[in-house]
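Take a look at the structure below.
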Amino acid sequence: MAAKRGVILMNLGSPDSTAVKDVRKYLSEFLMDEKVIDIPYLARLILVRGIIAPFRAPKSAEAYRTIWWKEGSPLVQLTKQLQTAVQQEVPYPVEIAMRYGNPSPTDAYERLLKTDPSLEEVVLMPLYPHFAMSSYETAVDYMETVHKQKGYHFKLTTIPPYYNNPDYIHAFVSHIKPYLEKDYDHILFSYHGIPERHLKKTDPTKQHCLMIDNCCSVDSVAHETCYRHQCLTTTALTAEALGLPKEKYSYSFQSRLGRDPWLKPYTDFRLKDMPKEGIKNLLVICPAFVSDCLETLEEIAIRGKEDFIEAGGEQYEMIPCLNVDPLWVSAVSKWVTETKIA
């Protein structure tokens with residue numbers, strides 16, 4: 001007899017509202033994560049709660065207001081839509097959890113148990129295609145910690161990063177294709193950035209990432225946890241499947257915080273430089289996100305467009321995230337169904 005299974009789809013999270021107090025609370029929880037700002041606790045506490053959260057919260061709240069839906073946070077609502085769509089394709093109860101904010105991992109676990117007290121296994125689906133300590137790793141670690149602390153009897157198994165999974169690439173490529181039927185000069189793959197030091201921290205060899213020439217192209221076990229290599233792989237596989245000439249696409253990294261070096265090239269710099277290079281009609285896609293959120297809807301679709309047009313660009317369009325694309329829903333449903341429990 002098949003074990004009784006449940007599914008949890010996990011995303012980053014969002015403030016409960018656009019009120020400054022809720023945004024400040026969310027920023028504090030998010031940035032106090034040692035895998036996001038990886039400095040000693042006391043220094044992180046002073047930096048986040050004494051400087052960043054108080055001063056950044058009003059500006060972030062204003063940004064959230066520009067993209068907020070009447071139902072609430074776009075990221076949370078789109079994750080709920082994905083939950084509903086996947087639930088229609090699988091025979092197991094499906095819940096959602098956020099790494100920061102609500103609903104919490106405990107909420108998700110408890111709802112599954114309420115649905116089926118005899119639950120034997122849970123499949124965790126992190127909604128992050130690529131491995132990074134500040135996204136995929138912290139989400140999985142948090143779910144595992146809560147699972148252990150609560151002493152839940154069911155087993156927990158996590159779906160690994162799927163940046164090169166054929167099902168993901170197929171869904172992503174099919175999602176992009178209609179936009180390429182329009183006239184465009186270039187397509188920019190803009191990934192969420194991370195500090196360069198994070199690559200070195202997650203490199204198990206401690207001598208590969210950013211330490212040898214063309215490190216992302218030289219085979220290494222480091223690639224299993226190398227965010228940059230995985231982003232470049234997604235870009236290459238997608239471009240190949242779409243038949244894009246090399247001069248028609250490029251990649252960049254967005255959303256940097258602080259003065260330390262982050263992965264380059266920087267998206268905001270590229271958006272201002274491209275019109276000078278003759279790129280006047282631009283498409284932008286954000287493969288690190290599967291659900292549209294502040295970083296796509298406000299940073300890229302609104303501010304990014306403003307930067308590009310002000311620099312001399314003429315046409316600019318952000319391709320939405322996969323959200324509830326039917327092929328993406330099918331891929332997720334397939335994975336959570338076929339995953340073997342250890």
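Here the range 1-27 is the region considered, the condition is being small (Gly, Ala, Ser) and surrounded by fewer than 18 Cβ atoms within 10 Å (Cβ to Cβ), and the residue that is farthest from residue 255 (Cα to Cα) is 2. Note on the range 61-86: residues that are touching a Pro at 6+ places or on another chain (Cβ under 8 Å) and among the polar types (S, T, N, Q) amount to 1. In the range 81-105, of all residues being surrounded by fewer than 16 Cβ atoms within 10 Å (Cβ to Cβ) and under 19 Å from the mean Cα position of the chain (by Cα), the one that is nearest to residue 117 (Cα to Cα) corresponds to 102. Take residue 291 and decide whether it is within 30 Å of residue 120 (Cα to Cα), among the polar types (S, T, N, Q), under 19 Å from the mean Cα position of the chain (by Cα) and not assigned by TED's automatic domain parsing to the domain that holds residue 84. When the stated conditions are applied, residue 291 passes them.
Can you say whether residue 62 is touching a Lys or Arg at 6+ places or on another chain (Cβ under 8 Å), assigned to a helix (DSSP H, G or I), within 21 Å of residue 295 (Cα to Cα) and modelled with pLDDT of 95 or more, as far as the supplied structure shows?
no
Here's the yes/no breakdown for (1) at pLDDT 95 or above; (2) in a helix (DSSP H, G or I); (3) out of contact with any Ser or Thr (no Cβ under 7 Å at 6 or more places or on another chain):
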residue: 90; (1), (2), (3): yes, no, no
residue: 118; (1), (2), (3): no, no, yes
residue: 129; (1), (2), (3): yes, no, no
residue: 140; (1), (2), (3): yes, yes, no
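Elements of the type helices (runs of 4 or more DSSP H) sitting completely within the range 269-339 and holding at least 3 residues that are in contact with a Gly (Cβ under 7 Å, 6 or more places away or on another chain) and among the polar types (S, T, N, Q): there are none. Conditions: (1) crowded, with 19+ Cβ neighbours inside 10 Å; (2) assigned to a loop (DSSP other than H, G, I, E, B); (3) of a type outside the set (S, T, N, Q). Residue 219 meets all but one. Number of the miss? The single condition residue 219 does not satisfy is (1). The set of residues in the range 133-145 that are of a type in the set (A, V, I, L, M) and under 25 Å from residue 338 (Cβ atoms) comprises 139, 140, 143.
Residue-wise test of (1) among the hydroxyl-bearing types (Ser, Thr, Tyr); (2) within 16 Å of the chain's Cα centre (by Cα); (3) closer than 30 Å to residue 34 by Cβ; (4) in a helix (DSSP H, G or I).
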{"residue": "143", "(1), (2), (3), (4)": "no, no, yes, yes"}
{"residue": "146", "(1), (2), (3), (4)": "no, no, yes, yes"}
{"residue": "149", "(1), (2), (3), (4)": "no, no, yes, yes"}
{"residue": "160", "(1), (2), (3), (4)": "no, yes, yes, no"}
{"residue": "164", "(1), (2), (3), (4)": "no, yes, yes, no"}
{"residue": "170", "(1), (2), (3), (4)": "no, no, no, yes"}
{"residue": "173", "(1), (2), (3), (4)": "no, no, no, yes"}
{"residue": "178", "(1), (2), (3), (4)": "no, no, no, yes"}
{"residue": "184", "(1), (2), (3), (4)": "yes, no, no, no"}
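Residues considered: 43, 57. Of these, the only one that is modelled with pLDDT of 95 or more, closer than 22 Å to residue 197 by Cβ and part of a helix (DSSP H, G or I) is 43.
On the stretch given as the range 236-263, residues that are within 16 Å of residue 194 (Cβ to Cβ) and either of a type outside the set (D, E, K, R) or loosely packed, with under 14 Cβ neighbours inside 10 Å (or both) total 12.
The values are calculated or read from the model by the stated rules, or taken from the named source; none is laboratory data. The structure displayed is predicted, hence computed values, not measured ones. Positions of Cβ are generated from backbone atoms using ideal geometry, with glycine treated the same way; all protein chains shown enter the neighbour counts.
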